[in-house]
1. Packing-wise, with mean Cβ within 10 Å as the measure, how do 51-59, 67-75 rank, highest first?
2. With r defined as the distance between the Cβ atoms of SER72 and LEU127 and R0 fixed at 22 Å, what FRET efficiency is calculated, to the nearest 0.05?
3. So, for the chain, what is the accessible surface per residue at a probe of 1.4 Å, expressed in square angstrom?
4. Residue farthest toward the positive end of the dipole of the chain, with Cβ of Lys/Arg at +1 and Asp/Glu at -1: which of ILE80, ILE19, VAL64?
5. Please give the per residue volume of the convex hull enclosing the alpha carbon atoms of the chain, rounded to a whole number of Å³.
6. With r as the distance between the Cβ atoms of LYS105 and GLU45 and R0 = 25 Å, compute the FRET efficiency 1/(1 + (r/R0)^6) and round to 0.05.
7. Using R₀ = 22 Å, calculate the FRET efficiency as 1/(1 + (r/R₀)^6) where r is the Cβ-Cβ separation of ASP115 and TYR16; round to 0.05.
8. Considering amide H positions built from the backbone, and no H for Pro or chain starts, which residues 5 or more places from ARG7, or on another chain, come under 5 Å of its amide H?
Amino acid sequence: MSNHTYRVALIGVTGYAAIHLRALLTSQIQQRFTLKAAVIVNPSEAREASITLQKNGTAIYSTVDDMWADQSGQIDLTIIPTGIAWHSTMTCQALRAGSNVLVEKPAAATLEEVDAMMAAEAQSGKLVAVGFQDIYQPSVQWAKQAL
(Lines give C-alpha, C1' and ligand atoms only; values in the text may rest on other atoms or scores of the structure.)
Protein backbone atom coordinates (compact mmCIF):
# COMPACT_ATOMS: atom_id res chain seq x y z
CA MET A 1 0.00 0.00 0.00
CA SER A 2 1.30 3.42 -0.97
CA ASN A 3 2.05 6.05 1.66
CA HIS A 4 1.19 8.78 -0.84
CA THR A 5 -1.46 11.28 0.26
CA TYR A 6 -3.69 12.30 -2.65
CA ARG A 7 -4.74 15.94 -3.00
CA VAL A 8 -8.45 16.20 -3.74
CA ALA A 9 -10.78 18.96 -4.88
CA LEU A 10 -14.53 18.64 -4.36
CA ILE A 11 -16.87 20.76 -6.46
CA GLY A 12 -19.95 21.21 -4.32
CA VAL A 13 -20.71 20.08 -0.77
CA THR A 14 -24.52 19.91 -0.64
CA GLY A 15 -26.95 17.38 -2.05
CA TYR A 16 -25.24 14.24 -3.31
CA ALA A 17 -21.86 15.97 -2.89
CA ALA A 18 -22.34 15.75 0.90
CA ILE A 19 -21.81 11.98 0.62
CA HIS A 20 -18.46 12.56 -1.05
CA LEU A 21 -17.57 15.15 1.58
CA ARG A 22 -18.25 12.74 4.44
CA ALA A 23 -16.25 9.98 2.75
CA LEU A 24 -13.32 12.29 2.10
CA LEU A 25 -13.22 13.52 5.66
CA THR A 26 -13.29 9.93 6.92
CA SER A 27 -10.56 8.90 4.48
CA GLN A 28 -8.50 11.92 5.39
CA ILE A 29 -8.36 10.68 8.98
CA GLN A 30 -6.88 7.50 7.52
CA GLN A 31 -4.21 9.63 5.79
CA ARG A 32 -5.10 8.59 2.24
CA PHE A 33 -6.54 11.88 1.02
CA THR A 34 -6.16 15.55 1.75
CA LEU A 35 -9.21 17.59 0.87
CA LYS A 36 -7.17 20.48 -0.44
CA ALA A 37 -9.89 22.55 -2.11
CA ALA A 38 -13.67 22.79 -2.30
CA VAL A 39 -16.06 24.92 -4.31
CA ILE A 40 -19.10 26.14 -2.40
CA VAL A 41 -21.46 28.17 -4.57
CA ASN A 42 -24.28 28.25 -2.03
CA PRO A 43 -22.64 29.23 1.29
CA SER A 44 -25.97 29.96 2.99
CA GLU A 45 -26.96 26.30 2.48
CA ALA A 46 -23.55 24.94 3.47
CA ARG A 47 -22.65 26.74 6.70
CA GLU A 48 -21.80 23.57 8.65
CA ALA A 49 -19.71 22.17 5.79
CA SER A 50 -17.91 25.52 5.42
CA ILE A 51 -17.01 25.54 9.12
CA THR A 52 -15.80 21.94 8.98
CA LEU A 53 -13.70 22.60 5.89
CA GLN A 54 -12.18 25.76 7.36
CA LYS A 55 -11.16 23.83 10.49
CA ASN A 56 -9.75 21.15 8.18
CA GLY A 57 -7.54 23.67 6.39
CA THR A 58 -9.33 23.19 3.08
CA ALA A 59 -9.21 26.15 0.71
CA ILE A 60 -12.77 27.22 -0.12
CA TYR A 61 -13.69 28.91 -3.40
CA SER A 62 -16.95 30.39 -4.66
CA THR A 63 -16.30 29.44 -8.31
CA VAL A 64 -14.52 26.67 -10.17
CA ASP A 65 -12.56 29.27 -12.15
CA ASP A 66 -11.23 30.80 -8.92
CA MET A 67 -10.21 27.37 -7.66
CA TRP A 68 -8.27 26.50 -10.81
CA ALA A 69 -6.62 29.93 -10.89
CA ASP A 70 -5.16 29.06 -7.49
CA GLN A 71 -4.88 25.25 -7.54
CA SER A 72 -3.96 24.31 -11.13
CA GLY A 73 -1.32 21.59 -11.11
CA GLN A 74 -1.82 20.94 -7.39
CA ILE A 75 -4.79 18.56 -7.38
CA ASP A 76 -4.53 14.80 -7.99
CA LEU A 77 -8.27 14.10 -8.13
CA THR A 78 -11.28 16.33 -8.71
CA ILE A 79 -14.68 14.99 -7.70
CA ILE A 80 -17.59 16.48 -9.64
CA PRO A 81 -20.99 15.62 -8.12
CA THR A 82 -22.75 18.59 -9.71
CA GLY A 83 -25.68 19.08 -12.05
CA ILE A 84 -25.41 17.19 -15.33
CA ALA A 85 -25.19 20.41 -17.32
CA TRP A 86 -21.81 21.15 -15.69
CA HIS A 87 -20.19 17.71 -15.97
CA SER A 88 -18.45 18.15 -19.32
CA THR A 89 -17.22 21.71 -18.77
CA MET A 90 -15.91 21.02 -15.27
CA THR A 91 -14.33 17.71 -16.27
CA CYS A 92 -12.46 19.37 -19.14
CA GLN A 93 -11.34 22.21 -16.83
CA ALA A 94 -10.01 19.73 -14.28
CA LEU A 95 -8.15 17.75 -16.92
CA ARG A 96 -6.55 20.93 -18.31
CA ALA A 97 -5.49 21.77 -14.74
CA GLY A 98 -3.70 18.41 -14.50
CA SER A 99 -6.20 16.52 -12.35
CA ASN A 100 -7.78 13.10 -12.67
CA VAL A 101 -11.58 13.22 -12.42
CA LEU A 102 -14.42 11.33 -10.78
CA VAL A 103 -17.65 12.68 -12.25
CA GLU A 104 -21.06 11.44 -11.22
CA LYS A 105 -23.43 9.79 -13.65
CA PRO A 106 -24.41 10.41 -16.28
CA ALA A 107 -21.08 11.53 -17.67
CA ALA A 108 -22.72 14.39 -19.59
CA ALA A 109 -25.95 15.52 -21.18
CA THR A 110 -25.02 14.78 -24.81
CA LEU A 111 -22.78 12.48 -26.78
CA GLU A 112 -20.91 15.53 -28.08
CA GLU A 113 -20.07 16.51 -24.50
CA VAL A 114 -18.87 12.99 -23.75
CA ASP A 115 -16.73 13.11 -26.91
CA ALA A 116 -15.20 16.40 -25.70
CA MET A 117 -14.48 14.84 -22.31
CA MET A 118 -12.84 11.82 -23.92
CA ALA A 119 -10.70 14.05 -26.16
CA ALA A 120 -9.64 16.16 -23.16
CA GLU A 121 -8.83 12.98 -21.22
CA ALA A 122 -6.66 11.64 -24.06
CA GLN A 123 -4.88 14.98 -24.45
CA SER A 124 -4.24 15.36 -20.71
CA GLY A 125 -2.94 11.88 -20.00
CA LYS A 126 -5.17 11.83 -16.91
CA LEU A 127 -8.09 9.55 -16.13
CA VAL A 128 -11.83 10.17 -15.97
CA ALA A 129 -14.10 7.79 -14.06
CA VAL A 130 -17.89 7.98 -13.90
CA GLY A 131 -19.41 7.11 -10.53
CA PHE A 132 -22.43 4.87 -10.31
CA GLN A 133 -24.50 4.30 -7.19
CA ASP A 134 -24.80 0.76 -5.94
CA ILE A 135 -28.11 -0.60 -7.17
CA TYR A 136 -28.21 -3.03 -4.27
CA GLN A 137 -28.46 -0.37 -1.59
CA PRO A 138 -31.58 -0.93 0.56
CA SER A 139 -33.05 2.44 -0.38
CA VAL A 140 -32.71 1.70 -4.11
CA GLN A 141 -34.25 -1.73 -3.69
CA TRP A 142 -37.11 -0.20 -1.71
CA ALA A 143 -37.76 2.33 -4.48
CA LYS A 144 -37.71 -0.40 -7.14
CA GLN A 145 -40.23 -2.46 -5.19
CA ALA A 146 -42.42 0.57 -4.52
CA LEU A 147 -42.55 1.39 -8.21
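The values are calculated or read from the model by the stated rules, or taken from the named source; none is laboratory data. Given the structure is predicted, the values throughout are model-derived calculations rather than measurements. Cβ placement follows ideal geometry from the backbone for every residue including glycine, while neighbour counts extend to all protein chains displayed. We work out accessible area using only protein heavy atoms, side chains counted, and drop any ligands, DNA or RNA first. Shrake-Rupley method; radii C 1.70, N 1.55, O 1.52, S 1.80 Å.
1. 67-75, 51-59
2. Numbers: r = 18 Å, r/R0 = 0.80.
My answer for the efficiency is 0.80.
3. Averaged over the residues of the chain, the accessible area is 60 Å².
4. Ranked along the dipole, the leading option is ILE19.
5. Values: hull volume 20.4 nm³, N = 147.
Hull volume over Cα atoms, normalised by residue count, gives 138 Å³.
6. Plugging the Cβ-Cβ distance into 1/(1 + (r/R0)^6) gives 0.60.
7. That gives a FRET efficiency of 0.30.
8. Result for ARG7 returns THR34, ASP76, LEU77.
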